[in-house]
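Accompanying notes for the structure given below.
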Amino acid sequence: MKKSSVILTALCVSVFVVGTSEYLIAGLLPQVADDLGVSVGAAGQTVTAYGLGVVIGGPVVTLLTARMPRKGLALSLMLLFAAGSAVSAFAGSYEVLLVGRVLSSLSHAAFFALSLVVASRVVPEERVGRATAAVVSGLTVATLLGVPLGALLGERTTWRTPFVVLTVLTLLGTALLAAVLPRQDAESAGARAEIRVMAQRPVLLAIATTAVGFAGVATVFTYIAPLLTEVTGFAAFVVSVLLLAYGAGSFLGNVVAGRLTDRAPVATLRGVFAALAALLACTPFAVTWKPTAVLAVLLLGMLATATIAPLQGLILRHAQEAPTLAVSVNVGAFQLATAMGSAIGGVIVAAGALRWTGVAGAVLSALGLIVSCYALPRQRKSPAAAAPTDTRTATSV
C-alpha cells in the first residue's frame with residue numbers, strides 16, 4: 001500500500017471517531033436526563049453546546065495553533081478530544097458533562113480542517129477530490145454506523161459506556177497518527193496569513209455557498225422521520241431502515257463526487273446543487289407514494305454528501321496559501337447550515353405544512369447554486385496546466 005494511502009486511511013479512521021461524537025448523545029438523552037437529574041430538553045442542550053463549540057471554537061483554535069507543526073497539532077487535537085470524551089464519560093453533574101462536550105467540540109472543526117488540508121498535500125493535484133472524499137467518508141460511516149451503534153451500546157449498558165469506548169478509540173487513533181504521519185511544518189506564515197486568505201472574496205463566497213446551499217438539505221432531513229410516517233404512511237421501523245439506506249447513499253454519493261470533482265470541479269459543484277434543488281422541489285410530491293418516497297430518500301442521501309468534496313475543493317482552490325482557517329470556517333458553515341435549515345423547517349412544520357419543507361429546501365439549494373456561480377468562474381485550467389511543477393508526494397507532508 002502506498003504511503004499516501006496509509007496516511008489517508010489513518011485520517012479517515014480518526015475523522016470517523018471524531019465524527020461519531022457529534023450526535024452520539026442524541027440517542028441517549030432520556031438516560032442522561034434521568035442519571036443527572038435534568039430534563040430531556042436540558043440534556044439536549046449538550047448537542048447545542050457541541051455545535052456552538054464547533055462553529056466558534058474551531059476557527060479560534062485554528063488561529064491559535066497556526067504556527068504549530070502539523071503532526072504535533074494533529075496529535076494534540078486528538079488528545080484534547082480524548083480528554084473531552086473522558087470528562088463526558090465520568091461526568092458527575094450536568095455542568096461537567098457540558099464542559100466535556102465543549103472540550104471535545106473545540107478539536108472537531110480544527111482537526112477535520114487539518115485532515116482535509118493534509119489529505120490534499122499527500123496526493124497529486126489531480127487526485128485531491130478523491131483524497132477529500134476519503135477523509136469525508138469517515139464522517140459518513142460515523143453517521144451510518146458509529147452513531148446508531150453507540151446509541152445501541154448505551155441502551156444495553158449505560159449512557160457513559162459509549163463515551164468510554166470513544167475515549168479508547170481516540171487514543172488508538174492518536175497512536176495510529178503518531179506512527180504514520182511524517183513531520184510537517186506549519187503551512188502558513190501564521191494567523192495573519194490565515195485571516196488574510198480567508199477574507200478574500202472568492203473564499204467568503206465559497207463559505208456562503210456551503211452555509212446557504214447545504215441548509216436546503218437540513219430543512220427537509222431534520223423532519224424526515226415525521227414526513228415519512230405522517231405523510232407517506234411508513235411504520236417507524238421502516239423509517240429506521242430507510243435512514244440506514246440514506247446513510248449508505250451518503251457514502252456512495254461522497255465517493256462518486258470525489259472522483260467527479262477531480263475531473264470537473266465546476267460542473268460537479270453546480271450539477272450537485274442543481275440536482276439537489278430539483279430533488280427537494282419534487283419531494284412534496286414524491287413522499288405521497290411509497291416507492292417514490294424511498295427513491296427520494298436514497299437520492300437525498302447521495303446528493304447531500306456529494307456537496308462536501310466539491311465545496312471543500314473550492315475552498316482549497318482559493319485558499320492555497322493558507323487554507324486551514326478557511327477550511328475550518330467552512331466546517332462550521334455546515335453546522336450553521338444545519339441550524340438554519342432546521343429552524344426554517346421548524347417554522348414550516350409549526351404552520352402545519354410538514355409536506356412542503358422541500359420547497360423551502362429547494363429555494364435554499366438554488367440560492368447556493370447561484371452563489372457558487374460567483375465563487376467559481378466557469379473557466380478553469382486543467383490540473384496539469386494549473387500545476388506543471390507540482391511534485392508533491394506522500395513524503396512532502
Positive-end residue, region 154-291 charge dipole about Cα centroid, Cβ charges, pick of 275, 198, 257 = 198
request  = Show me 79-85, 224-230 ranked by packing, highest mean number of other Cβ atoms within 10 Å first.
outcome  = 79-85, 224-230
request  = Might you report the magnitude of the Cβ-based charge dipole of region 3-187 about its Cα centre, with Lys and Arg at +1 and Asp and Glu at -1, to the nearest 20 debye?
outcome  = 540 debye
ask   = Which Cα, out of 154, 31, 20, lies furthest along the positive dipole direction of region 3-187 (beta carbon charges, K/R +1, D/E -1)?
value = 20
query = Ranked highest first by the average count of other Cβ atoms within 10 Å around their residues, in what order do 264-275, 325-336, 247-258 fall?
reply = 325-336, 247-258, 264-275
message = About the Cα centre, and with charges only on the beta carbon of Lys, Arg (+1) and Asp, Glu (-1), how big is the dipole of region 56-164? Nearest 20 debye, please.
response = 240 debye
query = When the helix-only estimate is applied to the chain (DSSP H runs of n ≥ 4, each -39,500 (n - 2.57), divided by the residue count), what is the mean residue ellipticity at 222 nm, nearest 500 deg cm²/dmol?
reply = -25000 deg cm²/dmol
ask   = Which whole-number percentage describes the relative contact order of the chain, with Cα contacts under 8 Å and a sequence gap of 6 or more?
value = 26 percent
Radius ratio Rg over Rh of region 60-173, counting only Cα atoms, Kirkwood formula for Rh = 1.02
ask   = Which order do 34, 262 fall in if you start with the one that has the fewest other Cβ atoms within 10 Å?
value = 34, 262
query = Nearest 20 debye, what's the magnitude of the dipole of the chain about its Cα centre given +1 on Lys and Arg Cβ and -1 on Asp and Glu Cβ?
reply = 1120 debye
query = For 108, 318, what's the fewest-to-most ordering of other Cβ within 10 Å of each Cβ?
reply = 318, 108
message = Please list, in order along region 291-307, the HN-Hα scalar couplings obtained from phi with the Karplus expression 6.51 cos²θ - 1.76 cosθ + 1.60 (θ = phi - 60°), rounded to whole Hz, x for Gly and Pro.
response = x, 6, 5, 4, 4, 5, 5, 4, 5, 5, x, 5, 6, 4, 7, 5, 6
query = Per-residue HN-Hα couplings for region 242-255, Karplus 6.51 cos²θ - 1.76 cosθ + 1.60 at θ = phi - 60°, whole Hz, x for Gly and Pro?
reply = 5, 5, 5, 5, 4, x, 5, x, 4, 4, 5, x, 5, 5
note = Note to self: Kirkwood Rh of the chain, Cα pairs, one decimal, Å, is 21.2 Å
J(HN,Hα) series, region 221-229, from Karplus relation 6.51 cos²θ - 1.76 cosθ + 1.60, nearest Hz, glycine and proline x = 5, 4, 10, 5, 5, x, 4, 6, 8
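Read-outs: derived from the displayed coordinates by stated rules, not from any lab. All values derive from a computational prediction rather than experimental measurement. Heads up, the Cβs are rebuilt from the backbone with ideal geometry, glycines too, and the neighbour counts pull from every protein chain shown.
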